[in-house]
Amino acid sequence: MPFLFMTFKLIDMNPKIAVVILAAGLGTRMKSNKAKVLHEVCGKPMVDYVVETAQKVAGNNVILVVGHQADRVRRTVSIRGIFHFAHQKEQLGTGHAVLCALPYIPDACREVVILCGDVPLIQANTIRALIASHLAEKRDITVLAVELEDPTGYGRILLDADGRVQAIVEESDAGIEQKRVRLINTGIYCVHKKFLAEALPQIKSDNVQGEIYLTDIIEIAYGGQKHIGVITGDNPVEVTGINTLEELKHVELAMRNRR
């Protein structure tokens, strides 16, 4: 079942949209030496599904951030078309990964969609709806969210007293009250490129993991009085990330059921 959103005019492909796919991780919890995004779902590397979705939205304006087994990932996805590749030599966090991708975003692109290479169930219409909402409301950043009964393990989206998006806090950094929040971050965003370029260098690594979290751009945007929005979908399965072999089995079953 697809996400349900407010009605916006969906555009099949927009030359001013770029998509960045984060595909650099090894995925140690997969208990394999293979780069995580190369693990197969229904006989195809999981990253291929994300690439196909990105192409439907952005055409050739697709940038993959590669790291572990970079050459193999490049060869795998290059069969699908023409892409830009950014090499993240050290995996210093999602914010650092997008920073590596910035120089490869075509000059003509004004908005940047950020996807994860380990979320193969994501659909093009979901991304189109995210972009349409973002553009219609003229936001600086729009976050795709879902609400979960059990949000354990996910980043929580925090709202201020006026209901505005204030920050995203990772599970490992969340306090007791914050962990009760059920609105979670999917890791999928649409961001105005100019704001993205301004915000990424400001991110600090002063967190439990010592990483440069992409999620911190929300707090930066809030502090700078930028226009932030959140779109909430009703199908958490579509944004399931794969971090373990068990999750891989669940996603493969969902993929088979979809077909």
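We did not get these values from a lab; they are worked out from the coordinates using the rules stated. Predicted model, so just to flag it, every value in this text is computed and none were measured. Cβ atoms come from the backbone with ideal geometry, glycine included; neighbour counts cover every protein chain shown.
Using alpha carbons only, what's the Rg to Rh ratio of the range 17-258 with Rh from Kirkwood? Please report the intermediate quantities before stating the final value.
On the way: Rg = 16.7 Å, Rh = 18.0 Å.
Rounded to two decimals, Rg over Rh is 0.93.
Under 24 Å Cα-Cα from LYS193, which lysines qualify once same-chain neighbours fewer than 8 residues away are excluded?
Correct list for LYS193: LYS9, LYS16, LYS56, LYS89, LYS138, LYS204, LYS226.
Work out which helices of the chain, taken as complete DSSP H runs, extend at least 30 Å along their axis over the Cα atoms and score a mean Kyte-Doolittle of 0.0 or more, then list them.
Length and hydropathy pass: none found.
With a point put 7 Å past each Cα toward its Cβ, work out how far SER78 is from ALA108 in nm, to one decimal.
2.4 nm
Long-range amide H contacts for VAL230: which residues qualify at under 5 Å (H placed 1.01 Å from N, peptide plane, sequence gap of 5 or more or a different chain)?
VAL143
Given only helices, namely DSSP H runs of n ≥ 4 each adding -39500 (n - 2.57), what is the per-residue ellipticity at 222 nm of the chain, to the nearest 500 deg cm²/dmol?
-8500 deg cm²/dmol
Give me the extension gain from LYS204 to SER172: residue separation times 0.36 nm, minus the current Cα-Cα distance, reported in nm with one decimal.
9.9 nm
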